[in-house]
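Structure record follows, encoded as structure tokens.
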Amino acid sequence: MILQSERLYYREFTAADDVLLFQLDSNPEVHRYLGNNPVTHIDQVREYLASVIDQYAANSIGRMAAFLKETDEFIGWGGLKLESNVNGHDRFYDIGYRLLPQFWGRGYATESAKFFISYGFNQLNISVINATALRANSASCNALIKSGLREIETFDYKGEEAVWFEIIRQY
């Protein structure tokens with residue numbers, strides 16, 4: 001399945017994307033606000049890819065590889081994920097994105113989030129979409145707000161202040 005927003009296209013990850021994802025997830029800058037450490041071995045990426053592919057099969061959604069339409073260059077990922085056990089919430093749809101640093105600040109996170117919110121509401125009939133970001137990651141918080149989500153509350157995530165965002169489908 002290939003989906004498209006204005007400047008990006010998205011496709012499901014495959015096991016063959018391990019090198020692309022390793023490039024993204026081994027970058028310390030990418031992981032600065034993720035509350036975990038960058039991967040150090042490609043096998044870690046392969047485990048993650050297997051879980052993403054399982055999400056496609058189990059829930060018909062998941063994080064999707066994101067590419068620039070103009071150049072076919074891999075920039076990261078975006079998409080919806082059925083998530084659980086975050087901030088006391090079990091079973092919710094999470095909007096997310098992760099981009100290589102050279103693509104930060106160009107509006108791609110906002111574009112991706114807006115696209116997948118619309119896709120979730122209109123194609124998948126989801127009624128509520130959530131997101132979380134560390135307060136210190138002001139760029140990500142701003143992208144989520146620009147995408148239409150609103151801050152609902154804050155919570156502690158591994159000793160740091162995290163923000164719980166939400167957008168409700170308007171019928």
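The values are calculated or read from the model by the stated rules, or taken from the named source; none is laboratory data. It should be emphasised that the depicted structure is a prediction, and the values quoted were computed from it without experimental measurement. Please note that ligands, DNA and RNA were not included when accessible areas were found on the heavy atoms of the full protein model with its side chains. Shrake-Rupley method; radii C 1.70, N 1.55, O 1.52, S 1.80 Å.
Before moving on, here are some points about what is shown:
- C-alpha center-to-center spacing [the range 1-40, the range 137-171] in angstrom: 21
- Largest mean-square fluctuation among 139, 131, 113, in a Gaussian network model of the chain whose springs join Cα atoms under 10 Å apart, belongs to 139.
- Residue-wise HN-Hα coupling along the range 146-153, computed from phi with Karplus coefficients 6.51, -1.76, 1.60 (Hz; x: Gly, Pro): 4, 7, x, 6, 10, 6, 9, 6
- Size of the range 30-126 as Cα extents on the principal axes (Å, biggest first): 33, 31, 25
- Solvent exposure, largest accessible area first (probe 1.4 Å, DNA, RNA and ligands not counted), of 169, 7: 7, 169
- The GNM of the chain, with springs linking C-alpha atoms under 10 angstrom apart, assigns the highest mean-square fluctuation among 129, 117, 42 to 42.
- Taking the chain as a Gaussian network of alpha-carbon nodes connected by springs under 10 Å, the highest mean-square fluctuation of the residues 138, 112, 26 belongs to 138.
- Estimated [θ] at 222 nm from DSSP helical runs (n ≥ 4, -39500 (n - 2.57)) normalised by residues in the chain, nearest 500: -9000 deg cm²/dmol
- Here the scattering of the chain is modelled by Debye summation over its C-alpha atoms, one equal scatterer each and no solvent; at q = 0.09, 0.19 Å⁻¹ the log10 of I(q)/I(0) is -0.28, -1.45.
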